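Structure, as structure tokens:
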Amino acid sequence: MRPGPLVIDTHELGRRPGTERTYDLTVPAPAELGVDLIGVPEGSDIAIELRLEAVMDGVLATGTASVHLVGECVRCLTEIQDDLVVDVQELYLYADASEEELQLEGDLLDLEPVLRDAVVLALPINPVCDPECPGLCPECGARLADDPDHTHGEAIDPRWAALSQMTDPESGDTPDGPKE
Ligand SMILES: [Zn+2]
Ligand SMILES: [Zn+2]
């Protein structure tokens, strides 16, 4: 195991069952903590409150991690900023862990896989800026939440719209273009 901000040395905890220690950590987020549309920016602060307790077979880690999220609304593509607190709980065995289990390496305990699972499971698959987000106008791409009364009247074929602009420059009746 490579030493890193999410690797905790349990040497001081010892192995006597019932012994426990608490930790208050602020660590930089590892890379690619998240899913496609939303995640924790690499290097942003993760605040971890952790309790380690020595049990018969290993060390039980229990706590919470507070992360900052940045993502994109699936409906209107606006940036989303959010905070998330996840619970973590995992038993790290002293020895003989199977594939689904985690094991201490010497005295070292790696929180990263547990944190990763907890954060990814808590993330929305389809993040939205607001549950009511109306998305984008299918005709011009304007963000409807910014412009709720937005209409186009009769649908205009963009080729005809361009032509009518050319033939009637005085009308001032230009079709709506994309809006910010
Ligand atoms: Zn949105
Ligand atoms: Zn529109």
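The values are calculated or read from the model by the stated rules, or taken from the named source; none is laboratory data. Being a predicted model, the structure only gives us computed values, none of them experimental. No Cβ is skipped: glycine too gets one built from the backbone with ideal geometry, and neighbour counts run over all protein chains shown. Accessible surface is based on the protein model in full, side chains and every heavy atom, while ligands, DNA and RNA are left aside. Shrake-Rupley method; radii C 1.70, N 1.55, O 1.52, S 1.80 Å.
Once the other residues with Cβ under 12 Å from the Cβ of C129 are scored (Lys, Arg +1; Asp, Glu -1), what is the net sum? Could you put the intermediate results ahead of the total?
Details: positive: R75, R143; negative: E72, E79, D82, D130, E132, D146.
Net of charged neighbours comes to -4.
With label points built 7 Å along Cα→Cβ from the Cα atoms of E72 and R15, find their separation and express it in nm.
My value for the distance between the label points is 5.0 nm.
Name the residues of the range 58-89 whose amide N is less than 19 Å from a point 7 angstrom out from the Cα of C140 along the C-beta direction?
Inside the label zone: 76-78.
Need one value: the accessible area of S66 in square angstrom, 1.4 angstrom probe, rounded to the nearest 10.
Surface open to solvent at S66 totals about 50 Å².
How much length is gained if the chain between I125 and T151 is pulled fully straight, taking 0.36 nm per residue apart and subtracting their Cα-Cα distance, in nm to one decimal? Before the final figure, lay out each step's value.
Values: separation 26, 0.36 × 26 = 9.36 nm, distance 3.06 nm.
Additional length available on full extension: 6.3 nm.
Relative to the longest principal axis of the C-alpha atoms of the chain, give the angle of the C-alpha long axis of helix 158-167, reported between 0 and 90° and rounded to the nearest 10°.
Once rounded, the angle reads 40 degrees.
Which distance in nm do the two modelled labels at E112 and T64 give, with both placed 7 Å along the Cα-to-Cβ direction?
Distance between label points: 2.6 nm.
Under 12 Å from the Cβ of L13, count the other residues' Cβ atoms, weight Lys and Arg +1, Asp and Glu -1, and hand me the total. Don't skip to the end; give the middle numbers.
Numbers: positive: R15, R16, R21, R51; negative: D9, E12, E20, E53, D107.
Result for the neighbourhood of L13: -1.
Between D83 and E132, what is the label-point separation in nm under the 7 Å Cα-to-beta-carbon projection?
Output for this residue pair reads 2.5 nm.
For every helix of n ≥ 4 consecutive DSSP H residues, a contribution of -39,500 (n - 2.57) applies; sum these over the chain, divide by its total residues, and give [θ] at 222 nm rounded to the nearest 500 deg cm²/dmol.
On the way: 2 runs with 21 residues, N = 180.
The per-residue figure over the chain is -3500 deg cm²/dmol.
Rounded to the nearest 10 Å², what accessible area does D82 have for a 1.4 Å probe in the complete protein model?
80
Can you give the Rg/Rh ratio of the chain, where Rg is from the C-alpha atoms and Rh is the Kirkwood radius? Write out the running numbers ahead of the final one.
Working: Rg = 26.0 Å, Rh = 20.2 Å.
Over the Cα atoms of the chain, Rg/Rh equals 1.29.
Of L52, L37, L136, which has the largest mean-square fluctuation in a 10 Å C-alpha GNM of the chain?
L136
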